[in-house]
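So the structure is just underneath, and the comments pick up after that.
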Amino acid sequence: MFITALKEAIFIGIPALLLFGPVTGLILNGYEIIVDWQRPILLTLVVMVGRFLVSLGSSTEKGKHILESFSRKRSANVSVSTTQTTLPPLAIAGILCVAALLPFFLGNYWLNVLILALIYVLLGLGLNIVVGLAGLLDLGFVAFYAVGAYGFALGHEYLGLGFWTAIPFGAGLAACFGAVLGFPVLRMHGDYLAIVTLGFGEIIRLVLNNWMSFTGGPNGVSAPLPTFFGMEFTSRAKQGGVPYHEVLGPIIGIDYSRSARYIFVYLILLIVVSLMVIFVVRLKNMPIGRAWEALREDEIACRSLGINHVTVKLSAFSMGAMVGGIGGVFFAASQGFVNPTSFTFFESALILAIVVLGGLGSTIGVITAAVLLTILPELLRDFSDYRVLIFGLAMVMMMVWRPRGLLKIRRPAFKLGRSA
Amino acid sequence: MDPYIIGQQLVNGLILGAIYGLIAIGYTMVYGIIGMINFAHGEIYMISAYLTAIFLATLSMVGIDSVFFALTLTLALAILFTGLYGWAVERIAYRPLRGSTRLAPLISAIGMSLVLQNYIRLSQGARNQGVPAVMEGGFRIPPSGSEQFIQITNIQLVIVVVAVLSMAALTYIMQRTSLGRSCRATQQDIVMAQLLGVNTDRIISIVFVIGASMGAVAGVLVSLNYGSFDFHVGFVTGIKAFTAAVLGGIGSLPGAMLGGVVLGLSESFFSGFVNTDYKDVFAFSILVLVLIFRPSGLLGTPEVEKV
């Protein structure tokens, strides 16, 4: 047993050394090479020790049990039930209260992180409709995010839109883009669809980057700060309103604070995210949501049962795009500035990672994953270089071990009794 | 229009097309055999560009001065090591997912592509890397004295020769050897091939290795031609090569080569006569349009969906 484990470790060690050797051991420095013997050997040893422990562990009783639980992975953690799992109302109220009070105790830096986390929750919810519920792999979701953000920034520049009008405008614009993209790709199956959406996302980014006269190209456009009934959250009014501390100061006695604008954006965002969560959860239980999930499971069966796959897919695309567009408006509002570098393919992959790690289709999972994936890298600043590497590894490992997500999903369905 | 400019764009386009064709082979073979888009293939190409620079620098440090010898050795080593990466990617990210849902391998491939990009960034640094100009010179048509000419560098000749040779070798392997027969059998019907004693897991591994080796040839040639690259190059080149594969009809080897040449030529003419800034937009638009209107490509057969 010990010998076999050792053999397997050596067997995996040789290709590992060959793989790591030239890339991590010979470092390019201009046209010269710096030799580093330690890195490849260290990495190979890590792989070999890992393999050794796995082999040793899998030969014991407990190890076999764990391995078996992995091999029953495909459908085992989808249980069928007629009831929906929701958190108890008290817990939801508690979480909301804590989330609403949080910004008053945090500095601007963490406020920004929280705002970003909420934006990713929105994006995750949007992509979850398309990928998780309807099963259409969209690799260009960032396009709708960009449409929302640029819709606000350019809408302000050319049409004079304010923050509040920009929310429905950005959402509607993104939904239109979603429908326009959705229409031609309806006939495609999974991976072709993924590539077309990827191409579409890149086209949008490249056009934003190259159309200098309209979008400002790589220099980007500035977006106005949000206002509230004519109150502005700056020390002096810039958009023809009144600074908030001049209105509220005499009434409730607060002074100007630099974090006020972040707190304001955060609170509005929190309300919007809560509404979106309700919206998405309701959608899931409506006939259209059921149709999305049915279409994901088997398109041909759905069509033969009379579900109009065109409208169902189009609605998934445009709903998802709409939520993504709202996320984009908030991104522009919180940054005060947008440029094309915020909308690369990496963003799409990150949002996809959120949906995948949250467990394709689970709302609670997506929210948790979005918050974790934005806050954890901030906490682990020292490892920030390894962030994306770890995301990638996590995506691969999720697909290998838990293709249905980390959390246990209950799908609404009726279970037939034995007598039936 | 000026015939010399057209001729020059023709030359540039053919070179570009040869490169796209070589990378497209990796996509088309993998798609043909297991029906998945190997999203990490662009990164494999990127790794081979790094390996080229690493091996060239190492060989010159060891004291190998003959350009021909150094280039041949670099090509051989790059093919070997990149093939190993192709094998490892299949082993780690795709093989455990056989028989899983259709989305799973694609998501895993995106994960793998992020991993490979950052693996290179962390081990080689984020800055641009380069390959010294080992082979200079070229010739012009007409030879001399004329104001207008078509410039062809020696490297471009090498690219055409090596690309044609590797495609010929690949065609020979696929058509005439027993390995190629097993590959084609597995592509046609994987279960039947298995029943007839073909070790399909091994064949799939070999297909990944062959695809990666073709990507390696492309990586070596591109880095010799352009001299500079960074860890991002795999993404855009990968998508364009995939476009070439789809354009030619995914699953078909001659299709990949044809698609590469068509895409290379049209991109080169577009950037020469219309607009350089939008040449990527142009390539991506071709991808979207082909997938919408003729998903089976130029040489492919339409896919019939069965229950």
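All of the numbers you see were taken from the coordinates with simple rules; none came from a lab. Since this is a predicted model, take the numbers as computed values, not measurements. Note: ideal-geometry Cβ built from the backbone for every residue, glycine included; neighbour counts use all protein chains shown.
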Practice task
Mind computing the radius of gyration and Dmax over the alpha-carbon atoms of the range B:1-72? Å is fine for both.
Solution key: 17.6, 51
Handout entry: Total charge dipole magnitude, the range A:85-412, about the Cα centre, Cβ charges on Lys, Arg, Asp, Glu only, Debye to nearest 20
Key = 620
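Express in nm, to one decimal, how much length is gained between residue B:236 and residue B:84 on full extension, taking 0.36 nm for each residue of separation and deducting their alpha carbon distance.
Working: separation 152, 0.36 × 152 = 54.72 nm, distance 2.28 nm.
Contour length minus Cα-Cα distance gives 52.4 nm.
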Exercise for the section: Please give the residues of the range A:41-57, grouped as numeric ranges, whose backbone N is less than 20 Å from a label point set 7 Å along the Cα-to-Cβ vector of residue A:4. Expected result: A:48-57
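Looking only at Cα atoms, what is the convex hull volume of the range A:2-71 per residue, in Å³? Walk me through the numbers on the way to the answer.
On the way: hull volume 6.4 nm³, N = 70.
Convex hull of Cα atoms, per residue: 92 Å³.
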Problem - Estimated 222 nm signal from helices in the protein assembly as shown, with DSSP H stretches of n ≥ 4 weighted -39500 (n - 2.57), rounded to 500 - result: -23000 deg cm²/dmol
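Taking every pair of distinct Cα atoms and averaging 1/r, then inverting, what Kirkwood hydrodynamic radius in Å comes out for the range B:154-307? Before the final figure, lay out each step's value.
Numbers: mean 1/r = 0.0577 Å⁻¹.
With all distinct Cα pairs of the range B:154-307 included, I get 17.3 Å.
How fast does the range B:94-136 diffuse by Stokes-Einstein, in µm²/s, taking the Kirkwood radius from C-alpha pairs at 20 °C and 1.002 mPa s? Walk me through the intermediate numbers first.
Details: Rh = 13.1 Å.
D = 164 µm²/s.
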Problem - Residue order, fewest to most surrounding Cβ atoms within 10 angstrom, among B:43, A:61, A:157 - result: A:61, A:157, B:43
Practice task
Largest first and to the nearest Å, give the Cα extent of the protein assembly as shown along each principal axis.
Solution key: 85, 78, 56
Exercise for the section: Enter the Cα centre distance for the pair the range B:79-124 and the range A:149-171, rounded to the nearest angstrom. Expected result: 41
Practice task
Stick to Cα atoms and the Kirkwood definition of Rh, then tell me Rg/Rh for the range B:219-307.
Solution key: 1.03
Exercise for the section: Would you kindly derive the ³J(HN,Hα) couplings of the range A:13-18 from the backbone phi angles with the Karplus curve 6.51 cos²θ - 1.76 cosθ + 1.60 (θ = phi - 60°), listing them in order in whole Hz, with x for Gly and Pro? Expected result: x, 5, x, 4, 5, 5
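Starting from the Cα gyration tensor of the range A:171-211, take the square roots of the eigenvalues, sort them a ≥ b ≥ c, and report rounded, prolate or oblate (rounded when a/c is under 1.5, otherwise prolate if a/b is larger than b/c, else oblate). Each step should come with its number before you reach the end.
Working: a/c = 3.05, a/b = 1.33, b/c = 2.30.
Oblate, because a/c is 1.5 or more while a/b does not exceed b/c.
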Completion exercise
The set of residues whose placed amide H lies less than 5 Å from the amide H of residue A:337, leaving out same-chain residues fewer than 5 positions away, is A:223
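Can you give the Rg/Rh ratio of the range A:85-412, where Rg is from the C-alpha atoms and Rh is the Kirkwood radius?
Working: Rg = 20.1 Å, Rh = 20.5 Å.
Taking Rg over the Kirkwood Rh, I get 0.98.
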Handout entry: Residue (of B:28, A:389, A:59) at the positive-pole extreme of the protein assembly as shown, dipole from beta-carbon charges
Key = A:59
Problem - Label-to-label distance, nm, for residues given as residue A:259 and residue A:34 (7 Å Cα→Cβ offset) - result: 4.1
Problem - Residues A:136, A:106, A:154, A:269 arranged by fewest to most Cβ contacts within 10 Å - result: A:106, A:154, A:269, A:136
Problem - Only Lys, Arg (+1) and Asp, Glu (-1) charged, at Cβ; the range B:1-138 dipole about Cα centre in debye - result: 640
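Provide Rg over Rh for the range A:264-390; use the alpha carbon set for both Rg and the Kirkwood Rh (inverse mean inverse pair distance).
Numbers: Rg = 17.2 Å, Rh = 16.8 Å.
Looking at the range A:264-390, the ratio lands at 1.02.
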Handout entry: Alpha-carbon spread of chain B, three principal axes, descending order, Å
Key = 67, 49, 39
Exercise for the section: Please report the Cα spread of the range B:131-188 along all three principal axes, rounded to whole Å, starting with the longest. Expected result: 56, 26, 15
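Given charges of +1 on the Cβ of Lys and Arg and -1 on the Cβ of Asp and Glu, with all other atoms neutral, how large is the dipole of the protein assembly as shown about its Cα centre, in debye to the nearest 20? List each step's numbers first, then the result.
Working: 44 positive and 34 negative charges, 485 e Å.
About 2340 debye.
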Practice task
Set the Förster distance to 22 Å, then compute FRET efficiency between residue B:294 and residue B:173 from the Cβ-Cβ distance, nearest 0.05.
Solution key: 0.15
